[in-house]
2 protein chains.
Amino acid sequence: MAIDLSRLCIHTITTRDWELEKAVEKYVEKGIRGISVWRNYLESRNLKDVKALLASNKMNVVSLVRGGFFTGLNESDRVKAIDENKKAIEEAASIGAEMVVLVCGASPGQSLEVSRTQIQRGIESILPMAMDLEVKLAIEPLHPMYADTRSAVNTLNQANRMAETIDSEYVGVAIDVDHLWWDETLKQEILRCGRNNNIFAFHLCDWRNPTRDLLNDRTIMGEGVIPIQEIINMVREAGFNGFNEVEIFSDEHWAEDQDDFLEKIIRAYMRYKL
Amino acid sequence: MAIDLSRLCIHTITTRDWELEKAVEKYVEKGIRGISVWRNYLESRNLKDVKALLASNKMNVVSLVRGGFFTGLNESDRVKAIDENKKAIEEAASIGAEMVVLVCGASPGQSLEVSRTQIQRGIESILPMAMDLEVKLAIEPLHPMYADTRSAVNTLNQANRMAETIDSEYVGVAIDVDHLWWDETLKQEILRCGRNNNIFAFHLCDWRNPTRDLLNDRTIMGEGVIPIQEIINMVREAGFNGFNEVEIFSDEHWAEDQDDFLEKIIRAYMRYKL
């Protein structure tokens, strides 16, 4: 079987210690054509230069990661969040990223329901600019273990409903296997997401067993407990044909030689029927 | 307001380092009338003596913790699990515990759906003995962060369905705020659980923010992000009038003076309208 990495995308956070230039160089060297850029890699950079770097290397900039965090106990915090999200949309447009991924936020001291209302209002507030600059917005439902401070959107059902309510071709969903694999309604919700043309992104990694850290102990596809191929099949059946984005936060893998780590990712990726 | 601890129950694991005699002495001293005994406190003990200790101190033995782990890739492992659960039921009967709490199990290498089928079969296998010995079985849905190896039952909806399918007055559900607080269907599922007389147990603690460990970083009610009073109200509205069981796994609190810790738990408990 020929090696087809044409739809593989790597999140820059995956190879955390590589600066953007190095990451692009390494990805290109391996034949990887997609990149999702985390915002910290853009700090104090000239975004025109970044765009030129990505374009001259023919990289598809799948997404800018991340906007969101729309919730807050005070109006002023929520206004600040909207400003920050507008900045993210401008950055995405500047580097030619197709979408901004939204980690929607949650604020202790108010109910998750109130947070979800604020999230929807936040997205609606930034939508005109997103449409103007032709940058899509992808709501990423996060695992319920992050409902304390990271996101009050914890199931694909909730993300689907929110996207359907806002009802714009610029608002959809990012499906991450790590956040959603445990949900018995996953297949029906993925198909629903596809029917509404709302699958904007598909994120791959695996759930390490045992998981030793709530945030930075993900692992490579095939090394954990997630039924990756089954979820790939669901997304395909739902009509998704975009990039398969590898997003791994892992203290263990970040401590490895990053060339070896990237090689392992590619080998793992090639084991799936994509 | 008078101090009413008549429906407060403490899990022995909460004051982990106290042996059973000491825990009983301390709980009684504070006016606490309920205890849930973890099985490790019964190791190499004469269970008649344990029963006498609990009875002479007029302790209500709310539950034995824990049975379950019914899943396995091999038939022989599943048979072993059933034997172990029968032993737990005998222990519960021996010390006068009203029920065995079930942490149902999950096995990497098979789907959560298959695991749930095995769990149901396991419960059905031990049910005749449970009825014989008049020990109830409480299915405890666990947070989705434990879907890798601890439980394939991750929502109250799933636990409700399983209890309803088995349809025995000896099989119900343990509702733990830590596992279920994030679920937007919680109220409707608690009311459903109550309508079917399936609320067997109610476990209290709080979700620490930030949570630094996947297992042993729970905290005292009021110190975390869970809307405790709201969930208490749901359980009451559903007709539950049993013990309020405090079950806290916490390296931080275990390192404290355990008298102080117990005092803090009581003070926290008294702040709620129960």
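The values are calculated or read from the model by the stated rules, or taken from the named source; none is laboratory data. Note that the coordinates shown come from a computational prediction; the quantities given were computed from them, not determined experimentally. All Cβ positions, even for glycine, are placed from backbone atoms using ideal geometry, and neighbour counts span all protein chains on display. Only protein heavy atoms, including side chains, enter the accessible area calculation; ligands, DNA and RNA are left aside. Shrake-Rupley method; radii C 1.70, N 1.55, O 1.52, S 1.80 Å.
Let's see how each residue does on (1) of a type in the set (S, T, N, Q); (2) part of a helix (DSSP H, G or I); (3) touching a residue at least 12 places away in the same chain (Cβ under 8 Å):
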site	(1), (2), (3)
B:187	no, yes, yes
B:194	no, yes, yes
B:212	no, no, no
B:218	no, no, yes
B:231	no, yes, yes
B:252	no, yes, yes
B:262	no, yes, yes
B:269	no, yes, yes
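Each residue in segment B:104-122 was checked for being open to solvent by 40 Å² or more (accessible area, probe 1.4 Å) and aliphatic (A, V, I, L, M), and 1 pass. Test each condition in (1) open to solvent by 20 Å² or more (accessible area, probe 1.4 Å); (2) farther than 28 Å from residue B:24 by Cβ; (3) not small (Gly, Ala, Ser) for residue B:226 and report the one that comes out false. The single condition residue B:226 does not satisfy is (1).
Checking each residue in segment B:3-40 for being more than 12 Å from the chain's Cα centre (by Cα), assigned to a strand (DSSP E or B) and of a type in the set (Val, Ile, Thr) picks out no residue at all. Filtering segment B:98-150 to residues that are away from chain A (no Cβ under 14 Å) and assigned to a strand (DSSP E or B) leaves B:99, B:100, B:101, B:102, B:103, B:136, B:137, B:138, B:139. The set of residues in segment B:151-169 being more than 18 Å from residue B:190 (Cβ to Cβ) and surrounded by fewer than 21 Cβ atoms within 10 Å (Cβ to Cβ) consists of B:165, B:166, B:167, B:168, B:169. Please indicate, with yes or no, whether at least one residue in segment A:236-247 is in contact with an Asp or Glu (Cβ under 6 Å, 6 or more places away or on another chain), outside any helix (DSSP H, G or I) and open to solvent by less than 10 Å² (accessible area, probe 1.4 Å). No, that holds for no residue.
List every residue pair whose Cβ atoms lie under 6 Å apart, where the two residues are 6 or more positions apart in sequence or sit on different chains, the first residue falls within segment A:85-99 and is farther than 20 Å from residue A:69 by Cα and among the aliphatic types (A, V, I, L, M), and the second residue, located anywhere, is open to solvent by less than 10 Å² (accessible area, probe 1.4 Å) and part of a helix (DSSP H, G or I). So the pair list comes out as A:95/A:50.
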